[in-house]
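Engineer: Supplied in structure tokens, the structure appears directly below.
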């Protein structure tokens, strides 16, 4: 089980509205919140038993499931000992004060009720504040994704007079680690320029400094930090890759 004080909490949007799917999730990823979407409440319920300290925002306006079924699912999560530590918030588009009071009275959730019809920046800010209030980030400052497929994330860098292509082990917006079959013997503080990162089909150029290295079997693992911190364009591409990679892994969990 993850130590959420260190790793933070997983954040899910169940039946995300279009604005959440297209705008809010990526904005939260940019803010380093580990955020996912799901459209199967049964599968999400199983996942929550593995990650019981998660935060789930439920779209109450979803039309593919009845209001009664959705409320039953929420109550089930809140009362099941295996998922009772999950914190839930409710998303609605347009709602009267009377209906709002009814919702809050009938379903008393930890993260309250959120109007998604507010201005986008206000919506993102409001959800971010809720997540910070509920310690969603823990002591972790950045999302880090581990690559299981050596061909999906690689770094091509000029070392000792020629370019070396190496698989990326893990990646965040501040740096990455990669594997070398032959130790390039780089000392801490060495700056490598003209690094070409390939993240799936996305290519970008950056520079980074060696933070440290360690032996791993017959290979050498080097840790690099971006210098300066990845510019806006590179940072956007890295976060987009992280969002896609995280969601793909979670989709596999949801299908189990």
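The values are calculated or read from the model by the stated rules, or taken from the named source; none is laboratory data. Just so it is clear, the structure is predicted and the values come from calculations on it, not from any experiment. FYI the Cβ positions are ideal-geometry reconstructions off the backbone, even for glycines, and counts take in every protein chain you see.
Engineer: Out of (1) touching a residue at least 24 places away in the same chain (Cβ under 8 Å); (2) in a strand (DSSP E or B); (3) crowded, with 16+ Cβ neighbours inside 10 Å; (4) out of contact with any helix residue (DSSP H, G or I) (no Cβ under 7 Å at 6 or more places or on another chain), what's the single condition that is false for residue 212?
Structural biologist: (3)
Engineer: A further question on this structure: Looking for whichever is at pLDDT 90 or above, out of contact with any helix residue (DSSP H, G or I) (no Cβ under 7 Å at 6 or more places or on another chain), at negative phi and not assigned by TED's automatic domain parsing to the domain that holds residue 33 here; the options are 155, 110, 136, 72. Which one fits?
Structural biologist: Only one candidate passes the filter, namely 155.
Engineer: Could you list all residues from region 48-64 that are surrounded by 15 or more Cβ atoms within 10 Å (Cβ to Cβ), farther than 19 Å from residue 255 by Cα and out of contact with any strand residue (DSSP E or B) (no Cβ under 9 Å at 6 or more places or on another chain)?
Structural biologist: Correct list: empty.
Engineer: Okay, moving on. What number of residues within region 22-64 are assigned to a helix (DSSP H, G or I) and farther than 18 Å from residue 130 by Cα?
Structural biologist: 11
Engineer: Additional query: Can you tell me which residue in region 65-85 is surrounded by the fewest Cβ atoms within 10 Å (Cβ to Cβ), limited to those that are assigned to a helix (DSSP H, G or I) and under 25 Å from the mean Cα position of the chain (by Cα)?
Structural biologist: 78
Engineer: Looking at 31, 21, which one is in the same structural domain as residue 134 (by TED's automatic domain parsing), modelled with pLDDT of 95 or more, surrounded by fewer than 21 Cβ atoms within 10 Å (Cβ to Cβ) and in contact with a strand residue (DSSP E or B) (Cβ under 7 Å, 6 or more places away or on another chain)?
Structural biologist: Only one candidate qualifies: 21.
Engineer: Here is a follow-up. Which residue, of 186, 197, is in a loop (DSSP other than H, G, I, E, B) and surrounded by 17 or more Cβ atoms within 10 Å (Cβ to Cβ)?
Structural biologist: Checking each option against the conditions leaves just 186.
Engineer: Tally time: how many residues in region 230-256 are in a loop (DSSP other than H, G, I, E, B) and in contact with a strand residue (DSSP E or B) (Cβ under 9 Å, 6 or more places away or on another chain)?
Structural biologist: Total meeting the criteria: 2.
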